[in-house]
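One structure, pasted below without further comment.
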Amino acid sequence: MARFSVFALLAVPWLLLAGLVSGDAVSDLEKKGRPAIDAMLAKSKTCTKANLKVRREWGDISAAEKKSYIAALLCLMEKPSKLNPTQFPGAKTRYEDFVVVHMQQTMSIHNTGSFLSWHRYYLWAFEQALVKECNYNGSHPSPIFDGSDTSLSGNGKKIDHRSSGIAPAGNGGGCVETGPFKNMTVRLGPVSPAVDPAPPRNPRSDGYGLNTRCLRRDISNYLTSRYARTQDIAALITNSRDVLTFQNVMQGAGGGFGGAGAGIGVHAAGHFTIAGDPGGDFYTSPNDPAFWVHHGMIDRTWTIWQSQDTNTRIQTIAGGTSMMSFGGGGRQQSLDDNVDLGIVGDKVYKIRDLNSIVDGPFCYVYE
């Protein structure tokens, strides 16, 4: 019996917010590629039907399963950090250990050859922490942002504020005051805030100092109704003939989460739909619980793209080693390059291990 796993697919709930639910082209592509993944599963020596996990969309699981996932998130937010308190005084909880790792490696995991594989491992490591440290054994779970006890809390309180620069100001901008994370405390960062009014500056220039404040959001459907529709995700999958095109189009953010002159891709659209603080800061964005479900959708989209031609797309890589090498400049990354999550990872893996869907450390599918 397959066990259900975390990471909801945010694209569908956001399409509901945008009133765009007519198409299912992405699911059709997923079904088209599933036999190829099943064939890989049949050959795998580490991933079997007995230990296979299934990641489902938030709206497809029960209220009890949603609450179980939320409880696991809150559990990680209560467990003490394993990091050196002198080096990282702003990291007080185990959850914040994951934020620090993302902050440390931000410049080498965005617009680089390892963007997709690094985040696939990062999601998996977070899932493992929920399972092993907080006894989580459920699914990732709608509505995601309605402020109910089965949501990831609601929008921020409506305050006077200005645009982030990528999307117009929404109807929030202030502290989140509803749902399970209404009392959540943010301590790390900011490093690169994209919110007005700006959060207080961190006492340390690297952003690791203790900087206590509330979780803020400014959710709107401006970006998702234009750049993260079903047809946009389907076009990303079907029109990208190589991985460099796929990841560059996905990450495009007009100079924010992507490169200068890039368009708005589904990756950036998701982050700036959440917006606020820390959601709008690409160093500290994992500090908003919505980060994990958004990147679940990013991983799902990559998985579907890989499944359309597994013979050539599973073990392929393109891109440099630094965010400043957008478009492939600098030293090119290799499948033999290592990915190390430090204190939140179980071991160091080569990118080739993390490119796999049902091999290496992974054993999951999306439905």
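Percent of accessible area on segment 305-367 owned by carbon and sulfur, 1.4 Å probe? Before the final figure, lay out the partial values.
Numbers: 1200 of 2670 Å².
Carbon plus sulfur share of accessible area: 45 percent.
Restricting things to alpha carbons, tell me how big segment 301-367 is in terms of Rg and Dmax, in Å.
Cα radius of gyration and Dmax of segment 301-367 are 13.3, 38 Å respectively.
For the ranges 123-134, 289-300, what's the packing order if you count other beta-carbon atoms within 10 Å of each residue, average per peptide, and put the highest first?
Working: 123-134: 19.0, 289-300: 24.1.
My ranking of the peptides, most packed first, is 289-300, 123-134.
Another question, then. Can you tell me the mean projection area, over all orientations, of the convex hull of segment 106-156's alpha carbons? Units nm², please. Walk me through the intermediate numbers first.
Values: hull surface 21.9 nm².
Answer in nm², one decimal: 5.5.
Further question on the same structure: What distance in nm separates the two pseudo spin-label positions at Gln308 and Asp28, each 7 Å out from Cα along the beta-carbon direction?
In this crude spin-label approximation the distance works out to 1.3 nm.
Regarding segment 112-214, what's the average projected area of the Cα-atom convex hull, expressed in nm²? Let's see the in-between values first.
Values: hull surface 35.6 nm².
Seen from a random direction, the Cα hull of segment 112-214 projects 8.9 nm² on average.
What are the residues whose amide H is under 5 Å from the amide H of Cys175, where those residues sit 5 or more places off or on another chain and H is modelled from the backbone?
Residues meeting the criterion, in which the H sits 1.01 Å from N, are Lys157.
If you place +1 on the Cβ of every Lys and Arg, -1 on the Cβ of every Asp and Glu, and leave all else neutral, what size is the dipole of segment 196-297 about its Cα centre, to the nearest 20 Debye? If you can, show how the numbers build up before the last one.
Numbers: 8 positive and 8 negative charges, 16 e Å.
Approximately 80 debye in magnitude.
Another question about this same structure. For segment 64-129, what is the Kirkwood hydrodynamic radius in Å, using each pair of distinct C-alpha atoms?
13.1 Å is the Kirkwood radius here.
Sticking with this structure for a sec: Per the Debye formula with a single identical scatterer at each Cα and no solvent contribution, what log10 I(q)/I(0) holds for segment 216-319 at q = 0.15, 0.21, 0.24 Å⁻¹?
Ignoring solvent entirely, the Cα scatterers give -0.61, -1.12, -1.34.
Whose amide H sits under 5 Å from the amide H of Val365, counting only residues 5 or more places off or on another chain, with H placed in the peptide plane?
Correct list: Lys53, Val54, Arg55.
Please give the peptides 102-113, 275-286 ranked by average Cβ packing (other Cβ atoms within 10 Å per residue), highest first, as a rough proxy for protection.
Values: 102-113: 22.1, 275-286: 27.9.
Ranked from most to least packed, the peptides come out as 275-286, 102-113.
Averaged per residue, what accessible surface does the chain expose to a 1.4 Å probe, in Å²?
Working: 14170 Å² over 367 residues.
Using a 1.4 Å probe on heavy atoms only, each residue of the chain averages 39 Å².
Using +1 at the Cβ of each Lys and Arg and -1 at the Cβ of each Asp and Glu in the chain, identify which of Ile159, Gly279, Phe362 lies farthest towards the dipole's positive end.
Farthest along the dipole direction, towards plus: Phe362.
Dipole magnitude of the chain about its Cα centre, charges +1 at Lys/Arg Cβ and -1 at Asp/Glu Cβ only, in debye to the nearest 20? Walk me through the numbers on the way to the answer.
On the way: 37 positive and 33 negative charges, 68 e Å.
It comes to approximately 320 debye.
I need the semi-axes of the equivalent ellipsoid of the chain: take the C-alpha gyration tensor, multiply each eigenvalue by 5, square-root it, list largest first in whole angstrom. Could the numbers behind the result be given before it?
Working: eigenvalues 159, 100, 100 Å².
After scaling each eigenvalue by five and taking roots: 28, 22, 22 Å.
In vacuo Debye scattering of segment 145-273, one point per C-alpha: log10 I(q)/I(0) at q = 0.09, 0.10, 0.12, 0.19 Å⁻¹?
Computed log10 I(q)/I(0) values: -0.31, -0.39, -0.55, -1.12.
The values are calculated or read from the model by the stated rules, or taken from the named source; none is laboratory data. Remember, predicted model here, so these are calculated numbers, not experimental data. So basically every Cβ, Gly included, is an ideal-geometry build from the backbone, and we count neighbours across all protein chains shown. What goes into the accessible areas is simple: the full protein's heavy atoms, side chains included, and nothing from ligands, DNA or RNA. Shrake-Rupley method; radii C 1.70, N 1.55, O 1.52, S 1.80 Å.
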